[in-house]
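These notes are about the structure you will find just below.
The values are calculated or read from the model by the stated rules, or taken from the named source; none is laboratory data. Quick caveat, the model's predicted, so the values are computed rather than measured. A quick note on method: Cβ atoms are made from the backbone with ideal geometry, for glycine too, and the neighbour counts reach across all protein chains shown. Heavy atoms of the whole protein, side chains included, go into the accessibility calculation; ligands, DNA and RNA do not. Shrake-Rupley method; radii C 1.70, N 1.55, O 1.52, S 1.80 Å.
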Amino acid sequence: QVQLVESGGGLVQAGGSLRLSCAASGNIFHINAMGWYRHRQAPGKQRELVATITSRGTTSYADSVKGRFTISRDNAKNTVYLQMNSLKPEDTAVYYCNADTVVLGGIRMAYWGQGTQVTVSS
């Protein structure tokens, strides 16, 4: 089993910053891509991709966060981070981390964290 534990969410004013962390632990052999997704609590909204990073450090971002958010990871700690700057009220959501993981024994699975609430006030 693999567990992902997120931290760093909270309440911040528009224009402010937050840093999310997500640490993976358990029977991990290797983690491929890690990413952050969010679910904005509005009718019809689905979970959306925010940013991803490969094990080699290649990153990609949703257009809505480019230039404001930065994803990074520490492979030695199996941890992914999301630095969020210039936050907007529309960034308010529950943020989830995801890890494309190969566990001991060779099985490849995607794991999710429990989610952390980010609220941006106007």
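See the values below:
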read-out: Odd one out for Met109 among (1) in a strand (DSSP E or B); (2) open to solvent by less than 60 Å² (accessible area, probe 1.4 Å); value: (2)
read-out: Residue within the stretch 76-94 that is assigned to a strand (DSSP E or B), touching a residue at least 60 places away in the same chain (Cβ under 8 Å) and open to solvent by 30 Å² or more (accessible area, probe 1.4 Å) present; value: yes
read-out: Residues located in the stretch 1-35, provided they are part of a loop (DSSP other than H, G, I, E, B), open to solvent by 30 Å² or more (accessible area, probe 1.4 Å), closer than 23 Å to Val65 by Cβ and in contact with a strand residue (DSSP E or B) (Cβ under 8 Å, 6 or more places away or on another chain); value: Gly8, Gly9, Ala14, Ser17
read-out: Selected residue (criterion: nearest to Ser7 (Cα to Cα)) from residues of the stretch 36-61 that are surrounded by fewer than 17 Cβ atoms within 10 Å (Cβ to Cβ) and touching a residue at least 24 places away in the same chain (Cβ under 8 Å); value: His39
read-out: Pairs where the first residue, in the stretch 102-117, is closer than 29 Å to Asp91 by Cβ and the second is in a loop (DSSP other than H, G, I, E, B), C-beta under 8 Å, 6+ apart; value: Thr116/Gly8; Thr116/Gly9; Gln117/Gly9
